[in-house]
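Asker: Quick one: the structure is below, and I'll ask about it shortly.
The values are calculated or read from the model by the stated rules, or taken from the named source; none is laboratory data. Every value quoted in this text rests on a predicted model; they were computed, and no experiment measured them. Cβ coordinates were reconstructed from backbone atoms using ideal geometry, including for glycine residues, and neighbour counts include every protein chain displayed.
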Amino acid sequence: MRLSRLFRENHGQHEMRTHGRKNGFVTQGQEQRLTHCLPKIGLPVGKHLDDSGFSPSLPVVMEIGFGNGDFLVHLAKTHVTWQLLGIEIYLPGVAKAVGRLDDAGVLPRCRISQTPAQVVLSQQISAEHLHGIYINHPDPWPKKRHHKRRLIQQDFATLMVSRLKVGGFIRLATDKPDLAIWMQKILDHTAGLENTAGVGGFIVRDDDRPFTKFEQRGLKEGRDSEFLHYIKVKNVQQLP
């Protein structure tokens with residue numbers, strides 16, 4: 001069924017201007033579960049991650065754009081001490097992900113935000129708080145006039161670094177070659193980051209990495225994905 005306006009108004013962070021899909025389909029069960037779970041695990045605008053109930057002694061890892069939640073579930077099962085913050089603005093994806101996280105028994109270690117990542121990082125997370133950030137197959141915005149909408153920009157890269165602990169990581173994946181080079185060039189020249197594959201390099205695909213929906217789609221269309229892995233090696237002048 002299609003999400004009702006009332007449901008979107010009650011559970012969507014609709015006050016934030018974003019590009020992309022705004023509506024979609026969920027099952028009745030997904031809608032009921034989201035209605036039950038989101039008040040417990042949601043990170044709404046104005047709420048700081050420090051006040052979310054996460055343990056200060058355990059690492060926090062963020063996934064930006066978690067889609068239907070498959071990779072988030074993989075992270076939760078593989079890294080049982082990680083606390084996970086998922087960012088996704090597409091509400092039907094959030095509904096599916098919450099159900100999958102709940103079925104996997106990992107929901108208590110997860111928090112969900114439907115707010116753009118720039119807002120979450122700048123307003124809701126303290127400096128040097130995150131253990132890592134994953135970004136899988138971000139929107140490529142292929143037309144040149146839309147490149148300014150791409151998630152990875154120099155200001156955003158600097159913001160991510162400011163929220164990472166020294167030794168923390170940023171890991172990215174895309175099946176779009178021009179976007180891979182775009183992200184690589186920006187992050188290779190971002191102060192405080194080191195490309196684990198060397199400047200201009202890509203890492204090989206992790207053996208235990210699940211094939212996400214977008215990676216599978218790319219493979220069907222004849223495109224292999226590229227993977228990037230950066231480590232924060234030092235502190236630079238921090239953002240507030």
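Asker: If you take the residues in region 192-232 that are surrounded by fewer than 12 Cβ atoms within 10 Å (Cβ to Cβ) and at pLDDT 95 or above, which one is nearest to the chain's Cα centre (by Cα)?
Answerer: It comes out as Val204.
Asker: Could you go through region 92-113 and let me know if any residue there is farther than 18 Å from His131 by Cβ, part of a loop (DSSP other than H, G, I, E, B) and modelled with pLDDT of 90 or more.
Answerer: Yes, there is a match, as at least one residue in region 92-113 is farther than 18 Å from His131 by Cβ, part of a loop (DSSP other than H, G, I, E, B) and modelled with pLDDT of 90 or more.
Asker: Filtering region 134-161 down to residues that are within 15 Å of Gly67 (Cα to Cα) and not in a loop (DSSP other than H, G, I, E, B), which residue is farthest from the chain's Cα centre (by Cα)?
Answerer: Among residues in region 134-161 that are within 15 Å of Gly67 (Cα to Cα) and not in a loop (DSSP other than H, G, I, E, B), the one farthest from the chain's Cα centre (by Cα) is Asn136.
Asker: Does region 147-185 hold any residues that are in contact with a strand residue (DSSP E or B) (Cβ under 7 Å, 6 or more places away or on another chain), without any contact (Cβ under 8 Å) to a residue 60 or more places away in the chain and β-branched (Val, Ile, Thr), and which are they?
Answerer: Thr174, the sole residue that qualifies.
Asker: In region 18-53, how many are among the small types (Gly, Ala, Ser), within 18 Å of Ile89 (Cα to Cα) and at pLDDT 80 or above?
Answerer: Result for region 18-53: 2.
Residue-wise test of (1) within 18 Å of Gln118 (Cα to Cα); (2) charged (D, E, K, R).
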| residue | (1), (2) |
| --- | --- |
| Gln154 | yes, no |
| Asp178 | no, yes |
| Ile181 | no, no |
| Gln184 | no, no |
| Leu193 | no, no |
| Ile203 | no, no |
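Asker: Search region 61-91 for residues being in contact with a Phe, Trp or Tyr (Cβ under 6 Å, 6 or more places away or on another chain) and not polar (S, T, N, Q), and hand back the single one that is farthest from Arg33 (Cα to Cα).
Answerer: So, considering only residues that are in contact with a Phe, Trp or Tyr (Cβ under 6 Å, 6 or more places away or on another chain) and not polar (S, T, N, Q), the one farthest from Arg33 (Cα to Cα) is Val61.
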